Amino acid sequence: MCACIDGYTSDVWKFLKNDYLTVKVWKIISDFYKMIGQPIPNIRELLDRLDDKTWKLYEDGMTATLNQADTDISTNMLKRYKPKTDAEMSAFVAAIRPGFASLVNTFLDREPYSTGVSEIDDILLPSYHFMLYQESIMAFLVWCGMKEDHTYDIIKKISKKKFTPEAKEELRQELIAGYKKNLGTEDGFDEVWQVVDDAARYSFNAAHAVSVAYDSIYGAEAKEHYPLEYFTTVLNEYQSDNEKTSRIIAELDYFGIQIENIKFGKLKSEYTFDRNTNTIYKSISSIKYCNETIANELYELGRNSSYENFIDVIKDIKEKTSVNSRQLQILTILNFFSDYGSNKKLLQIIDMFEKYYDRKQIKKADIDNLGIDLAVFDGCFDNETPKMYKELHMDKYIQRISQQLEDKPLSIKEQIKYEQEYLEYITYSNPKAPKGMYYVVEAKFYKDKTKPYLVLYNLRTGDTLKTKITSGKNFVERPFQTGNVINVTEFREKNKMKMVNGSWVKTPEMEKIVVGWDVY
């Protein structure tokens, strides 16, 4: 038998709802503990393992893949709040619900807070005087004289908008009566009622909040104590999510972890790590348009063969693997075959291979159109007629031409453009680049089209910086856009601003502002 029943009715009649959810965070934790060969600890065991370094991950913004912390907004909130206990993490989870928005800054900055009524503050002491949890609201309703077993239904009705205006007003009057009985006055009730109304729409119950908080803490503890294994686990989990992968890789430097570029004969279909060098090796499967099949084929081909030149590599790839032309070009651009030369040269060799290799004969009339150098071509055929060259050895011709090519890489702009397209993050760096040279990953404008918000990638260190320009006059004189390379000649630090009670005020947190630059 099947029935169409809404959630509230199901709660009232005590029907059990079966929700089947895929919880990726727990797949990560499970895979991580399998990797390190240990059982998943219980809560008490987990708490015994926590240390100051674990909590500092939240303070320092190292929150990629951590539950309830894996967005720019939540990361910045955690950097302000700096949780130090499981109780505080649980409170944070509850505080970032939409219904708490009016008080969230007070909470994050740990400012003293009061409902204005000491008696209500007392019953809300476990939640820092805030109505953070459904239980906080229930405690207030009980204090106003409502029977405890009725309070949960009230919260559900408010959250699911099941009250008619008349019924809601009746509830309000009932609570006013209890409030006045306890305090002898109605003063302050409207403010408290508004908080109840807002919080009930979105609030978590305490059990839910603390459970979700532990999801996050399990990940933080694993990341801090076993970073190589943790990052390898999550990189494999998010191979198809390039945006997530970019966030993960951005944190590796914090842990002193190197990430090794893809390389022919050394990589499998999954990310792997080397503890001796504190290095994680990339996976071909994570690259756009590539897959596990070609990763395994190339690994077997590379580790079981030794090649004298790149032409022989291309030949075997074409004959012994399912790698197509686009995949071959992408891997070459990303320096997969760097042992055989720079990527610009290797791309030229691939073009020649595609153009010439399969030809068995060539008309003499087509030599110029094909761009064949006759001086080099001599000796690359066994038979010649008045109109044709036959029994060709085009591999020999390609090899001769390739020796004449300059061994140069793609330009910086080209390399970064392709890395962003195929990896969706940047790996390029050059220790010889000027200290202030940056690639403009993003230049975003809002109301003022002369004051961009910037994401800059340092070409020397590989670090990413979020910053902005506040002088519209300077930008008009030296404009640039996403994809340009600039040399920043001067930064200035200033206090970040935040909105407090409708006004912008300075905060102790500092940010870098771009003041001087040259455009390349």
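The values are calculated or read from the model by the stated rules, or taken from the named source; none is laboratory data. Predicted model only: the values in this text are computed from it and were never measured. Because the Cβ atoms are built from the backbone with ideal geometry, glycine has one as well, and the counts that use them run over all protein chains shown. Side chains are part of the model used for accessible areas, which takes the heavy atoms of the whole protein and leaves out ligands, DNA and RNA. Shrake-Rupley method; radii C 1.70, N 1.55, O 1.52, S 1.80 Å.
With open to solvent by 50 Å² or more (accessible area, probe 1.4 Å) and at pLDDT below 90 as the only criterion, which of VAL476, VAL500 stands out?
VAL500
Which ones in the range 378-394 are open to solvent by 40 Å² or more (accessible area, probe 1.4 Å) and in contact with a Cys (Cβ under 9 Å, 6 or more places away or on another chain)?
Across the range 378-394, the qualifying residue is only HIS393.
If you scan the range 413-426, which residues turn out to be open to solvent by less than 40 Å² (accessible area, probe 1.4 Å) and in a loop (DSSP other than H, G, I, E, B)?
Restricting attention to the range 413-426, the residues satisfying the condition of being open to solvent by less than 40 Å² (accessible area, probe 1.4 Å) are 415-416, 419, 422-423, 425-426.
Once the filter is applied, which keeps residues that are open to solvent by less than 40 Å² (accessible area, probe 1.4 Å) and in a loop (DSSP other than H, G, I, E, B), the range 413-426 yields LEU423, TYR425, ILE426.
Hey, could you check the range 58-91 for residues that are at positive phi and modelled with pLDDT of 95 or more and say which is surrounded by the most Cβ atoms within 10 Å (Cβ to Cβ)?
Initially, the range 58-91 is screened for residues at positive phi, giving 61, 65, 68, 82.
Subset that is modelled with pLDDT of 95 or more: 61, 65, 82.
On the way: GLY61: 15, THR65: 25, LYS82: 15.
Only one residue fits best here, namely THR65.
Scan the range 118-142 for residues that are of a type in the set (Val, Ile, Thr), modelled with pLDDT of 90 or more and surrounded by 19 or more Cβ atoms within 10 Å (Cβ to Cβ) and jot them down. Before the answer, list the steps.
Within the range 118-142, the first condition is being of a type in the set (Val, Ile, Thr), and the residues that meet it are 120, 123, 137, 142.
With the extra rule that they be modelled with pLDDT of 90 or more, the set shrinks to 120, 123, 142.
ILE120 - this is the single residue of the range 118-142 that is of a type in the set (Val, Ile, Thr), modelled with pLDDT of 90 or more and surrounded by 19 or more Cβ atoms within 10 Å (Cβ to Cβ).
Please state which of the following conditions LYS390 fails to meet, knowing it meets all the rest: (1) of a type outside the set (Asp, Glu); (2) at pLDDT 95 or above; (3) within 15 Å of ASN484 (Cβ to Cβ).
With (1) of a type outside the set (Asp, Glu); (2) at pLDDT 95 or above; (3) within 15 Å of ASN484 (Cβ to Cβ) applied to LYS390, the lone miss is (3).
Filter the helices (runs of 4 or more DSSP H) completely within the range 118-233 down to those with at least 2 residues that are in contact with a His (Cβ under 7 Å, 6 or more places away or on another chain).
On the way: elements: 118-123, 134-143, 148-159, 165-183, 189-202, 206-225.
Here the list is empty.
Scan the range 236-270 residue by residue and report those that are touching a residue at least 40 places away in the same chain (Cβ under 8 Å) and closer than 12 Å to MET35 by Cβ.
Residues satisfying the conditions are ASN236, GLU237.
When you look at THR65, is it closer than 21 Å to ALA209 by Cβ, out of contact with any strand residue (DSSP E or B) (no Cβ under 7 Å at 6 or more places or on another chain) and not in a helix (DSSP H, G or I), yes or no? Break it down stepwise before answering.
Values: closer than 21 Å to ALA209 by Cβ: yes; out of contact with any strand residue (DSSP E or B) (no Cβ under 7 Å at 6 or more places or on another chain): yes; not in a helix (DSSP H, G or I): yes.
The answer is yes for THR65.
Can you pull out every residue in the range 190-209 that is open to solvent by less than 20 Å² (accessible area, probe 1.4 Å), aliphatic (A, V, I, L, M) and touching a strand residue (DSSP E or B) at 6+ places or on another chain (Cβ under 8 Å)?
ALA209
Working carefully through the options SER322, SER342, SER306, find the one that is within 24 Å of GLN404 (Cα to Cα) and modelled with pLDDT of 95 or more.
Values: SER322 fails: within 24 Å of GLN404 (Cα to Cα); SER306 fails: modelled with pLDDT of 95 or more.
Only one candidate passes the filter, namely SER342.
Any chance the range 127-143 includes a residue that's without any contact (Cβ under 8 Å) to a residue 40 or more places away in the chain and out of contact with any helix residue (DSSP H, G or I) (no Cβ under 9 Å at 6 or more places or on another chain)?
Looking for residues that are without any contact (Cβ under 8 Å) to a residue 40 or more places away in the chain and out of contact with any helix residue (DSSP H, G or I) (no Cβ under 9 Å at 6 or more places or on another chain), one finds none in the range 127-143, hence no.
In the range 428-449, how many are open to solvent by less than 40 Å² (accessible area, probe 1.4 Å) and in a loop (DSSP other than H, G, I, E, B)? Give the derivation first.
Restricting attention to the range 428-449, the residues satisfying the condition of being open to solvent by less than 40 Å² (accessible area, probe 1.4 Å) are 433, 436-440, 443.
From what's left, in a loop (DSSP other than H, G, I, E, B): 433, 436.
Total satisfying the criteria: 2.
Can you name every residue in the range 270-284 that is assigned to a loop (DSSP other than H, G, I, E, B) and farther than 16 Å from ASN242 by Cα?
The first filter runs over the range 270-284 and keeps only residues assigned to a loop (DSSP other than H, G, I, E, B), leaving 270-271, 275-278, 282-283.
Result: ARG275, ASN276, THR277, ASN278.
If the requirement is being open to solvent by 30 Å² or more (accessible area, probe 1.4 Å) and farther than 16 Å from HIS393 by Cβ, which of these qualifies: ASP366, ASP358, ASP373? Even if it seems obvious, please write down each step before you answer.
Details: ASP358 fails: farther than 16 Å from HIS393 by Cβ; ASP373 fails: farther than 16 Å from HIS393 by Cβ.
It is ASP366.
Among the residues of the range 143-189 satisfying the criterion of being over 26 Å from LYS14 (Cα atoms) and of a type in the set (Val, Ile, Thr), which is least open to solvent (accessible area, probe 1.4 Å)?
If we take residues in the range 143-189 being over 26 Å from LYS14 (Cα atoms) and of a type in the set (Val, Ile, Thr), then ILE176 is least open to solvent (accessible area, probe 1.4 Å).
Would a scan of the range 405-412 turn up a residue that is surrounded by 14 or more Cβ atoms within 10 Å (Cβ to Cβ) and over 30 Å from PHE377 (Cα atoms)?
Start the filter on the range 405-412 by keeping residues that are surrounded by 14 or more Cβ atoms within 10 Å (Cβ to Cβ), which leaves 405, 409-410, 412.
Add one more test, that the residue is over 30 Å from PHE377 (Cα atoms), and what stays is 412.
Looking through the range 405-412, at least one residue is surrounded by 14 or more Cβ atoms within 10 Å (Cβ to Cβ) and over 30 Å from PHE377 (Cα atoms).
Name every residue in the range 11-44 that is under 22 Å from LEU228 (Cβ atoms) and either open to solvent by 90 Å² or more (accessible area, probe 1.4 Å) or in a loop (DSSP other than H, G, I, E, B) (or both), in order of residue number. Can you show your working first?
As a first pass, look at the range 11-44 and keep what is under 22 Å from LEU228 (Cβ atoms): 24-41.
Listed by number, the residues that qualify are LYS27, LYS34, GLY37, GLN38, PRO39, ILE40, PRO41.
Would you check if LEU454 is of a type in the set (A, V, I, L, M, F, W, C), under 18 Å from ASP518 (Cβ atoms) and either within 24 Å of the chain's Cα centre (by Cα) or buried (at least 19 other Cβ atoms within 10 Å of the Cβ) (or both)? Before the answer, list the steps.
Values: of a type in the set (A, V, I, L, M, F, W, C): yes; under 18 Å from ASP518 (Cβ atoms): yes; either within 24 Å of the chain's Cα centre (by Cα) or buried (at least 19 other Cβ atoms within 10 Å of the Cβ) (or both): yes.
Against the criterion (of a type in the set (A, V, I, L, M, F, W, C), under 18 Å from ASP518 (Cβ atoms) and either within 24 Å of the chain's Cα centre (by Cα) or buried (at least 19 other Cβ atoms within 10 Å of the Cβ) (or both)), LEU454 qualifies.
Can you pull out every residue in the range 234-260 that is under 17 Å from ASN278 (Cα atoms), part of a loop (DSSP other than H, G, I, E, B) and out of contact with any strand residue (DSSP E or B) (no Cβ under 9 Å at 6 or more places or on another chain)?
Correct list: GLU251, GLY256.
Taking the residues in the range 45-55 that are under 24 Å from the mean Cα position of the chain (by Cα) and open to solvent by less than 80 Å² (accessible area, probe 1.4 Å) as candidates, determine which candidate is farthest from LYS156 (Cα to Cα).
Of the range 45-55, the ones under 24 Å from the mean Cα position of the chain (by Cα) are 53-55.
The next check asks that each one be open to solvent by less than 80 Å² (accessible area, probe 1.4 Å); those that pass are 54-55.
On the way: THR54: 36, TRP55: 34 Å.
Checked the range 45-55; the qualifying residue farthest from LYS156 (Cα to Cα) is THR54.
Testing ASN335 on (1) in a loop (DSSP other than H, G, I, E, B); (2) under 22 Å from ILE426 (Cβ atoms); (3) touching a Ser or Thr at 6+ places or on another chain (Cβ under 7 Å), one condition comes back false. Which one is that?
The number of the failed condition is (3).
Can you name the residue in the range 279-306 that is open to solvent by 40 Å² or more (accessible area, probe 1.4 Å) and in contact with a Phe, Trp or Tyr (Cβ under 8 Å, 6 or more places away or on another chain) and, of all such residues, is nearest to THR65 (Cα to Cα)?
TYR281
Is there any pair with a first residue in the range 86-99 that is more than 7 Å from ALA213 (Cβ to Cβ) and a second that is among the charged types (D, E, K, R) and open to solvent by 20 Å² or more (accessible area, probe 1.4 Å) whose Cβ atoms are under 7 Å apart and which are 6 or more apart or on different chains, and what are they?
GLY99/ASP198; GLY99/ARG201
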